[in-house]
Structures are given as C-alpha cells and as structure tokens.
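The values are calculated or read from the model by the stated rules, or taken from the named source; none is laboratory data. Treat the numbers as computed from the prediction; the structure is a model and nothing was measured. FYI the Cβ positions are ideal-geometry reconstructions off the backbone, even for glycines, and counts take in every protein chain you see.
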Amino acid sequence: MAKLRLKSGDLVKVITGEFRGLVDSIHHLELKKERVYLAKATRKIYNKSPDVKKKSQSKDILVPLHISNVMAWEEKKKMRK
C-alpha cells in the first residue's frame, strides 16, 4: 500500500469517473481498500419493501471512489497541491 497524504476533511477534486470535476471534502477513508468517500458523491437507492403501508422512500448513500481517481486540491490557488 502506498503512503497516503490525505485525511478526512481535506479538499479533493475527482479527476475521472461519474463525479468528474467535483471538488469536495473527504467524509471518511478506508485505507485497506484504498477508497475515499466524499460528502457530495452520493447515489439514491429506494426502499423496495412489499409492505403496503410504507411508500417507496429514497435514501442517499455515499459512493466509494478509488484514491487514484482523486487529487488534492487547494481552493485559494485553485490547483492541486
């Protein structure tokens, strides 16, 4: 595993994938799986229970991104570190 210089709360920019161009802070990290979770990178899922009383409710879940798909970002300079 490579040395990781990122931590929770750091600003990063997504450089590839579905959320390309998104600049957001890190919500949390999974170091062993090399995954990054961002606060704004979410996907909606729906409750598909057969219960008639419950309506289909949507819920946002965090999408894991590989650490190679993000880069460190400084807002003042608007460039990578």
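Being at pLDDT below 90 and either on the phi < 0 side of the Ramachandran plot or surrounded by 15 or more Cβ atoms within 10 Å (Cβ to Cβ) (or both) narrows it down to one residue among VAL52, VAL63; which is it?
Numbers: VAL63 fails: at pLDDT below 90.
Just a single option satisfies the conditions, and that option is VAL52.
Quick check, is LEU29 surrounded by 10 or more Cβ atoms within 10 Å (Cβ to Cβ), in a loop (DSSP other than H, G, I, E, B) and hydrophobic (A, V, I, L, M, F, W, C)?
Values: surrounded by 10 or more Cβ atoms within 10 Å (Cβ to Cβ): yes; in a loop (DSSP other than H, G, I, E, B): no; hydrophobic (A, V, I, L, M, F, W, C): yes.
No, not satisfied.
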